[in-house]
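Participant: Input: one structure, supplied below.
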Amino acid sequence: MNENMNNTNEFALDMSDLVVEYRTEDGIVQAVNGLDLQIEHGSTLGLVGETGAGKTTAGLSILKLVPSPPGVIVRGSILLDGEDVLKKTEKEMEKIRGKRVSMIFQDPMTSLNPVMTVEDQIAEVIEIHNEGGGKPLEKAREMLEMVGIPGERGREYPHQFSGGMKQRVVIAMALACNPMLLIADEPTTALDVTIQAQVLEMMRKLKEVQNTSMLMITHDLGVVAETCDKVSVIYAGRVVEHGTLEDVFENTLHPYTEGLFNSLPNLDDRKAKLKPIKGLMPDPSNLPAGCVFCPRCNYACEICAEEKPKRLYRNATHYVECHLYNEKNILEGGVIGK
Amino acid sequence: MTEQLLKVNNLCKFFKTSRGMLHAVDDVTFTIDRGKTLGVVGESGCGKSTTGRAILRLLEPTAGQVYFEGEDISALSKRQMRKKRKDMQIIFQDPFSSLNPRKTISQAIMEPMIIHDICETKAERMEKVLELMDVVGLAQRLVNTYPHELDGGRRQRIGIARALALDPKFIVCDEPVSALDVSIQAQILNLMKEIQEERDLTYMFITHDLSVVNHFSDDIAVMYLGKLIEKAPSEELFLHPTHPYTQALLSAIPVPSIRKKRERIILKGEITSPIEPKPICRFANRCMYTMDICTETEPELREISPGHFVACHLCER
């Protein structure tokens with residue numbers, strides 16, 4: 001089970017300067033605009049942002065599954081354990097998908113085949129990638145047990161399972177070939193809180209056992225706090241702030257990140273008024289010239305509307321893209337008070 | 001100076017299925033005071049939305065009474081009930097499917113006024129539409145746009161404006177912010193709170209999001225498989241959750257902080273079927289404190305401290 005340990009490269013995923021556009025009749029939608037993501041082996045990166053921030057497009061790009069047309073990967077590189085995915089042929093990609101990298105989608109109801117038994121669906125993945133030495137069905141049942149479903153229920157069909165159990169089946173399928181990287185796109189959003197807690201706990205344990213790296217795509221900062229080692233906050237297709245949990249949660253630098261925290265009801269102080277971010281996400285086919293967050297930012301000044309902010313580091317792990325900071329004040333922990 | 005606006009007595013709503021009676025709402029009793037908010041929480045399938053609809057008689061209750069300002073509205077005829085709905089409105093969860101795609105914003109907001117014959121002339125109605133759009137924060141230039149041209153937050157504002165069009169006293173809010181992003185969710189919650197204060201509205205706020213309900217409600221009712229299992233003032237419920245299910249539910253909320261780590265209760269199993277449930281505690285098979293009595297008789301809802309009701313055998317000793 002420990003083949004993931006002997007990797008030569010530092011990063012399981014090293015994405016840099018990725019640009020993805022959807023070229024439609026109504027214009028070019030700039031979904032991802034120079035995205036950098038790095039995940040060390042065995043660790044979990046949270047990718048946080050709102051609807052339309054480009055989270056899912058980023059996830060799909062790693063597997064080269066961006067629908068094309070209209071989607072076009074314009075530039076950038078995506079290194080999986082040192083190998084550039086974007087240079088692979090479709091044939092080579094088939095070997096990577098499901099084996100080296102697998103993905104869990106948000107809605108378990110639509111990601112399973114309704115006319116195939118659950119164990120057959122899991123066995124299919126194993127068979128395609130020739131894992132487990134010839135007995136795919138046995139391995140499939142083992143996987144089911146691992147995610148907490150009795151093996152004999154493998155002969156049932158997806159409609160006989162509840163939402164939480166379907167998501168477990170999808171996870172079993174994703175982990176069947178012991179992938180190096182697991183992309184989880186809002187894996188618990190469709191589930192109830194008590195079931196969400198069960199599934200997150202299970203994913204955390206499985207990840208430890210298999211030493212899988214994970215990209216956790218979510219909009220829920222609570223889920224991030226519970227499952228991730230590092231966080232990238234994404235807005236309009238760019239990482240605006242990145243750091244360890246401690247960096248981002250305790251030393252918030254970017255006004256957007258601050259806005260996300262302030263929008264959440266505080267469990268300990270129920271009388272506190274919510275401070276929402278004003279306005280709406282910019283139209284990705286017509287992004288502002290300067291800082292993309294400028295029209296919604298409470299701290300915006302003149303330069304913000306004109307020039308894109310450069311990346312500044314507070315320490316080795318924590319960076320931000322915002323005009324509020326310069327080399328000096330960023331070291332003092334920033335301008336925003338929490 | 002509190003005055004009861006809504007009183008729900010032993011409300012039941014059963015559905016006939018091929019496998020027997022489905023007890024969606026089973027013997028639910030509670031009250032809401034004027035100007036207050038009752039939050040109703042629970043997981044999918046616990047009957048919270050059905051309760052809201054049965055109160056407005058959008059679904060005919062199987063049994064039980066609903067008193068609105070002291071009047072038993074479950075006895076009203078269809079015609080009388082339609083008039084009553086002027087005072088009782090609902091905001092739906094999904095702003096994408098609850099608006100007619102072929103009606104402009106102004107037509108959508110005007111529709112309830114036409115049905116209930118409010119305002120004499122078209123000009124008066126239009127004036128009221130513009131006033132409502134102002135109240136819910138929709139720019140006047142949007143007056144002739146169609147729902148598909150707007151984002152989720154704006155569509156939900158239309159839903160709110162429609163509900164307010166008849167100057168109701170009571171609004172059932174059925175997961176009004178669940179489909180929205182957090183930053184937009186906060187905008188809508190703040191708006192609903194402001195409107196409530198201005199108009200002395202009473203809300204029944206149905207949600208599965210516990211941090212939202214804690215922020216928004218005066219009292220919270222927790223439902224499980226059609227039963228009301230605990231009800232208490234919000235602060236009390238979060239400080240002293242008493243029913244084991246409530247405790248598990250509260251501990252399962254993911255907290256957006258890295259300092260506060262709390263003991264998590266992970267429930268085993270999943271919600272059981274609401275079809276022909278046995279007269280025992282419905283949570284017994286998932287509960288960590290199950291005793292013999294739990295699988296023998298059904299616990300009753302009883303008051304353990306002022307305003308705090310719990311239905312659990314643990315509290316009966």
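Participant: So which of B:Lys13/B:Lys227; A:Lys273/B:Lys36; A:Lys91/A:Lys207 end up more than 20 Å apart, counting from Cα to Cα?
Facilitator: Among B:Lys13/B:Lys227; A:Lys273/B:Lys36; A:Lys91/A:Lys207, the Cα-Cα distance tops 20 Å for A:Lys91/A:Lys207.
Participant: Can you give the charge dipole size of region B:101-167 about its Cα centre, rounded to the nearest 20 debye, using +1 on the beta carbon of Lys and Arg and -1 on the beta carbon of Asp and Glu?
Facilitator: With Lys and Arg at +1 and Asp and Glu at -1, about 320 debye.
Participant: Mind ordering B:194-200, B:63-69, A:117-123 by average Cβ neighbours within 10 Å, highest first?
Facilitator: A:117-123, B:63-69, B:194-200
Participant: If you don't mind, there's one more thing I want to ask. For a protection proxy built on the mean count of beta-carbon atoms within 10 angstrom, sort B:237-249, B:81-93 highest first, please.
Facilitator: Packing proxy ranking, top to bottom: B:237-249, B:81-93.
Participant: Sequence neighbours fewer than 8 away in the same chain don't count; with that in mind, list the lysines whose C-alpha is under 19 Å from B:Lys103.
Facilitator: Output for B:Lys103: B:Lys122, B:Lys128.
Participant: Then there's this: Lone cysteines in chain A, defined as no other cysteine's Cβ under 4.7 Å from theirs: which are they?
Facilitator: Lacking a cysteine Cβ partner under 4.7 Å: A:Cys177, A:Cys228, A:Cys297, A:Cys301, A:Cys322.
Participant: While we're on this one: Normalising by the residue count of region A:192-338, find the relative contact order in percent from Cα pairs under 8 Å and 6+ residues apart.
Facilitator: Once normalised by length, the contact order is 20 percent.
Participant: Now for a separate question. Suppose every Lys and Arg Cβ carries +1 and every Asp and Glu Cβ carries -1, with no other charges. What dipole size does the protein assembly as shown come out with about its Cα centre, to the nearest 20 debye?
Facilitator: 1120
Participant: Which of B:Leu166, B:Leu142, B:Ile266 sits farthest toward the positive end of the charge dipole of chain B, with +1 on the Cβ of Lys and Arg and -1 on the Cβ of Asp and Glu?
Facilitator: B:Leu142
Participant: Now for a separate question. Give me the distance between the Cα centres of region A:94-152 and region B:1-55, rounded to whole Å.
Facilitator: 41
Participant: Checking the cross-link filter: which aspartates and glutamates have an alpha carbon closer than 17 Å to that of A:Lys88, excluding same-chain neighbours under 8 positions apart?
Facilitator: Of all the aspartates and glutamates, those that pass the test against A:Lys88 - Cα under 17 Å, at least 8 places apart if same chain - are A:Asp14.
Participant: Taking each residue of A:252-265 in turn, how many C-beta atoms of other protein chains fall within 10 Å of its C-beta, and what is the average?
Facilitator: For this peptide, the per-residue mean of nearby foreign Cβ atoms is 3.
Participant: Let me cross-check A:Leu86: its accessible surface, 1.4 Å probe, with only protein heavy atoms counted, in Å² to the nearest 10?
Facilitator: In the full protein context, A:Leu86 sits at about 50 Å².
Participant: First select every other residue whose beta carbon is under 13 angstrom from the beta carbon of B:Ser49; then total the charges, Lys and Arg +1, Asp and Glu -1.
Facilitator: Residues close to B:Ser49 contribute a combined charge of -1.
Participant: With charges set only on the Cβ (+1 for Lys and Arg, -1 for Asp and Glu), what does the dipole of region B:209-295 come to about its Cα centre, in debye to the nearest 20?
Facilitator: That gives a dipole near 420 debye.
Participant: For B:Lys48, which aspartates and glutamates qualify as cross-link partners when the Cα separation must be under 12 Å and same-chain residues fewer than eight apart are set aside?
Facilitator: Answer for B:Lys48, where 12 Å is the Cα cut-off: B:Asp26, B:Asp174, B:Glu175, listed by chain and number.
Participant: Provide a whole-number value for the mean count of partner chain Cβ atoms within 10 Å of the Cβ atoms in peptide B:206-218.
Facilitator: Average neighbour count from other chains, rounded to a whole number: 3.
Participant: Which residue, A:Asp283, A:Asp26, A:Asp14, has the most motion in a Gaussian network model of chain A that connects Cα atoms within less than 10 Å?
Facilitator: A:Asp26
Participant: While we're looking at this one, here's another question. In region B:77-166, which GluC sites (Glu not before Pro) fall in coil by DSSP and have 13 or fewer other Cβ atoms within 10 Å?
Facilitator: When the GluC sites (Glu not before Pro) of region B:77-166 are filtered for loop state and at most 13 Cβ neighbours within 10 Å, B:Glu120 remain.
Participant: Classify the protein assembly as shown as rounded, prolate or oblate from the Cα gyration tensor: take a ≥ b ≥ c as the square roots of its eigenvalues, call it rounded if a/c is under 1.5, otherwise prolate when a/b beats b/c and oblate if not.
Facilitator: Oblate, because a/c is 1.5 or more while a/b does not exceed b/c.
Participant: Right, something else. Express in whole angstrom the spacing between the alpha-carbon centres of region A:172-216 and region B:218-292.
Facilitator: What the calculation gives is 24 Å, centre to centre.
Participant: Taking only C-alpha pairs under 8 Å that are 6+ residues apart, what is the relative contact order of chain B in percent?
Facilitator: 21
Participant: Evaluate the relative contact order of region B:101-167 (contact order divided by residue number), counting alpha-carbon pairs under 8 angstrom at least 6 apart; express in whole percent.
Facilitator: The value is 49 percent.
Participant: Can you pull out the trypsin sites (Lys or Arg not before Pro) in region A:242-325 that DSSP calls coil and that have at most 16 other Cβ atoms within 10 Å?
Facilitator: Filter output for region A:242-325: A:Arg270, A:Lys271, A:Lys273, A:Lys278, A:Lys310.
Participant: So, one more: Once both labels are modelled 7 Å past Cα along the beta-carbon direction, what's the B:Thr295-A:Asn326 spacing in nm?
Facilitator: Going by the 7 Å Cα→Cβ label model, 7.3 nm.
Participant: Calculate, for the protein assembly as shown, the solvent-accessible area per residue in square angstrom, rolling a 1.4 angstrom probe over the heavy atoms of the protein chains.
Facilitator: Each residue of the protein assembly as shown exposes 44 Å² on average to a 1.4 Å probe.
Participant: Under the definition of partner shielding as Cβ atoms of other protein chains within 10 Å of a residue Cβ, what is the mean value for peptide B:264-272?
Facilitator: Counting other chains' Cβ atoms within 10 Å and averaging over B:264-272 gives 4.
Participant: Give a quick list of GluC sites (Glu not before Pro) in region A:242-338 that DSSP marks as loop, anything other than H, G, I, E or B, with at most 13 other Cβ atoms within 10 Å.
Facilitator: Here the GluC sites (Glu not before Pro) that fit, given the DSSP loop and packing criteria, are A:Glu307, A:Glu327, A:Glu332.
The values are calculated or read from the model by the stated rules, or taken from the named source; none is laboratory data. Values in this document were obtained by computation on a predicted structure and should not be read as measured data. Counting neighbours? That spans all protein chains shown, and the Cβs are built from the backbone with ideal geometry, glycine included. We work out accessible area using only protein heavy atoms, side chains counted, and drop any ligands, DNA or RNA first. Shrake-Rupley method; radii C 1.70, N 1.55, O 1.52, S 1.80 Å.
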